[in-house]
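Single-structure report; data block below.
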């Protein structure tokens, strides 16, 4: 900015300075706007070039090496591990190891014990030797952290399959759990959908306690090979932890005396439950962990590898593999085509692509074809609710999710489809279903309604992350935004959602992000929803959010938030600038009326300045969340769709501007 140099003082001098600054600011704003327009055009071309011929988009979904390690362990357990797969997985796992010998669960995160143990064992399966330098560094670090005994339950289950750990030293999970009525605490529907799909097959594994011959010993991973599991003190009996610890001891005793007939009936019921929930593509829930454990459970119950259920399950797991040019093989925990497609559609439309552009129409056609119109497990809590909505994956009809459904509706409304009645009918069904999935507190969760029991998290078995699905600010915000654009901003259900969001705002002005990292994501989701629902830009909640975003902007103009913000307060709102998180912050600020602010200009300038020549952005940091802290995700399309959305809104204004038909009160 040019400052006055004539040394004048008083009103005349001040006026000249103000005039100069105003002119310079206008010129600078014009430059930023022009750069943003060019960047958006390049981004549009990049994204259009990556659409599948069927109309969908899907970016890689990167998690951590436990997916790859457990895939090898599964194949070893089933006797189908081949040299090529082991070598390719080993190449990928080896390439993810850090200098200190550890493996992290997210980019530049700290070493994580269970991930390091599983990666180490997988590399042993791939042929690496314990005395190889990289292996020796890993085993030394593992011993220093307490060895196998200090790892999570799931890691020790995998090791128990090969006799590297004792089944008696694992928490008990009886298959009779399947018989608990839906009104009784700890019935399977008290668990989140991802947890129940994992726990049901694991009850069979826990009952069978199989041991396959170990291909090698793992003594080097114990702090004391003679005492691998030192006894842990019991919590006080009057505490919930103490209660569940003692209950686990009783369940271990029951395992020894369980009536054979009852146990057989329970395992058969579990098998039926598992098979009934296998998707058309052979997977379970569209995610890798339940599929892996379901295959093991059914195999233990006598299903051979040639059985149609088993064959389809194993083929589905192969589809989670991404083979890279260097010969490495990475396993996706899940695939996200519906989510990626609706976000890409929104981004392209908001960037100015004509609403009837063939790419958008193809995307809408594909999304319409993915609508789920049959009941799933969600109907246990909402038995009278008619189905409608979308899942996250290619195939997951048992578990449509509320977040995807809201965003798909927002995407479909941006497309001028040749059959508007088809769109209207699908949106009407999905809108009714979404409203019916509202929890008692007025908010929305991802998959289930009122899945808020405090008991599942207390089980000694459940140390692997979130096992329930309570409402969250980000999902609730997306639903509120969708309902507002559907003309239901004043509907009682929408108002209850708004009231819940306002009550959930942190003292700082931010909102917690459940499915994205973290407060930047939560705030970037909530502010556009509140303004879409009619809250004035002067509302105290909006102004507090703006001040918080301004306070955590990085010196380079971008925004970033490290995953450690889920555990350490000092990381909240802080981290290296990323394209997706910068876009989330900008989306909130633009919705709050800050388009002309210096904060927004600096953020837009950061996005345009970091765009690559092909119109894309690079983002090695993980900004997605499966379980806060425990399971992190790098959605490879986030770095493309969210920056384009933010730039499009900066250049063209807020979405649905002038669409009075979607701004009706109601």
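The values are calculated or read from the model by the stated rules, or taken from the named source; none is laboratory data. Quick caveat: nothing in here was measured; it's all calculated off a predicted structure. All Cβ positions, glycine included, derive from the backbone under ideal geometry; neighbour counts span all protein chains shown.
When 331, 322, 287 are checked against the criterion of being touching a strand residue (DSSP E or B) at 6+ places or on another chain (Cβ under 9 Å) and surrounded by fewer than 19 Cβ atoms within 10 Å (Cβ to Cβ), a single residue qualifies: 322. The set of residues in the range 623-644 that are at pLDDT 95 or above, over 17 Å from residue 606 (Cα atoms) and touching a helix residue (DSSP H, G or I) at 6+ places or on another chain (Cβ under 6 Å) comprises 623, 632, 637.
Return yes when residue 465 is at positive phi, modelled with pLDDT under 95 and surrounded by fewer than 24 Cβ atoms within 10 Å (Cβ to Cβ) and no when it is not. It is true that residue 465 is at positive phi, modelled with pLDDT under 95 and surrounded by fewer than 24 Cβ atoms within 10 Å (Cβ to Cβ).
When 148, 157, 178, 142 are screened for being under 16 Å from residue 270 (Cα atoms), at pLDDT 95 or above and out of contact with any strand residue (DSSP E or B) (no Cβ under 7 Å at 6 or more places or on another chain), only 178 passes. Scan the range 609-625 for residues that are surrounded by 19 or more Cβ atoms within 10 Å (Cβ to Cβ) and not in a loop (DSSP other than H, G, I, E, B) and the total you get is 3.
For the range 433-454, indicate whether the set of residues that are within 30 Å of residue 252 (Cα to Cα), within 20 Å of the chain's Cα centre (by Cα) and free of Cβ contacts under 8 Å to residues at least 60 places away in the same chain is non-empty. Yes, the conditions are met somewhere in the range 433-454. Answer with yes or no whether residue 403 is modelled with pLDDT of 95 or more and surrounded by fewer than 24 Cβ atoms within 10 Å (Cβ to Cβ). So residue 403 does not fit the description; no. Among the residues of the range 137-149, some residue qualifies, meaning at least one is within 18 Å of residue 91 (Cα to Cα), buried (at least 19 other Cβ atoms within 10 Å of the Cβ) and in contact (Cβ under 8 Å) with a residue 24 or more places away in the chain. The helices (runs of 4 or more DSSP H) found entirely in the range 222-316 that carry 2 or more residues being at pLDDT below 95 and under 23 Å from residue 77 (Cα atoms) are 288-300. Please verify whether the range 419-437 includes one or more residues that are in contact with a strand residue (DSSP E or B) (Cβ under 7 Å, 6 or more places away or on another chain), modelled with pLDDT of 95 or more and either under 30 Å from residue 351 (Cβ atoms) or not in a loop (DSSP other than H, G, I, E, B) (or both). Scanning the range 419-437, I find no residue that is in contact with a strand residue (DSSP E or B) (Cβ under 7 Å, 6 or more places away or on another chain), modelled with pLDDT of 95 or more and either under 30 Å from residue 351 (Cβ atoms) or not in a loop (DSSP other than H, G, I, E, B) (or both), so the answer is no. I'd like the residue in the range 552-574 that is part of a helix (DSSP H, G or I) and without any contact (Cβ under 8 Å) to a residue 40 or more places away in the chain and, out of all such residues, is surrounded by the fewest Cβ atoms within 10 Å (Cβ to Cβ). Residue satisfying both the conditions and the ranking: 569. Tell me whether the range 449-460 contains one or more residues that are closer than 24 Å to residue 390 by Cβ and buried (at least 24 other Cβ atoms within 10 Å of the Cβ). Yes; the residues of the range 449-460 include at least one that is closer than 24 Å to residue 390 by Cβ and buried (at least 24 other Cβ atoms within 10 Å of the Cβ). Taking the criterion of being buried (at least 21 other Cβ atoms within 10 Å of the Cβ), under 30 Å from residue 575 (Cα atoms) and touching a residue at least 60 places away in the same chain (Cβ under 8 Å), the residues of the range 488-514 that qualify are 510, 513, 514.
Being more than 15 Å from residue 218 (Cβ to Cβ), in the same structural domain as residue 269 (by TED's automatic domain parsing) and surrounded by fewer than 19 Cβ atoms within 10 Å (Cβ to Cβ): is that true of residue 184 here? Considered against the rule, which asks whether it is more than 15 Å from residue 218 (Cβ to Cβ), in the same structural domain as residue 269 (by TED's automatic domain parsing) and surrounded by fewer than 19 Cβ atoms within 10 Å (Cβ to Cβ), residue 184 comes out as yes. Scan the range 317-338 residue by residue and report those that are outside any strand (DSSP E or B), closer than 19 Å to residue 126 by Cβ and in contact with a helix residue (DSSP H, G or I) (Cβ under 8 Å, 6 or more places away or on another chain). Correct list: 317, 320, 324, 326, 327, 328. For the range 182-200, the candidate set comprises residues that are assigned to a helix (DSSP H, G or I) and over 13 Å from residue 448 (Cβ atoms); within that set, the residue that is nearest to the chain's Cα centre (by Cα) is 198. If you take the residues of the range 578-607 that are surrounded by 22 or more Cβ atoms within 10 Å (Cβ to Cβ) and part of a loop (DSSP other than H, G, I, E, B), which of them is nearest to the chain's Cα centre (by Cα)? Ranking the qualifying residues of the range 578-607, first place goes to 578.
Evaluating residue 488 against the criteria (1) assigned by TED's automatic domain parsing to the domain that holds residue 432; (2) farther than 11 Å from residue 533 by Cβ leaves one unmet condition, (2). Would you point out the residue of the range 45-54, among those that are under 25 Å from the mean Cα position of the chain (by Cα) and in a helix (DSSP H, G or I), that is surrounded by the most Cβ atoms within 10 Å (Cβ to Cβ)? Residue satisfying both the conditions and the ranking: 47. Checking each residue in the range 350-393 for being in contact (Cβ under 8 Å) with a residue 24 or more places away in the chain, over 30 Å from residue 181 (Cβ atoms) and assigned to a helix (DSSP H, G or I) picks out 350, 359, 360, 361, 362, 363, 364, 365, 366, 367, 368.
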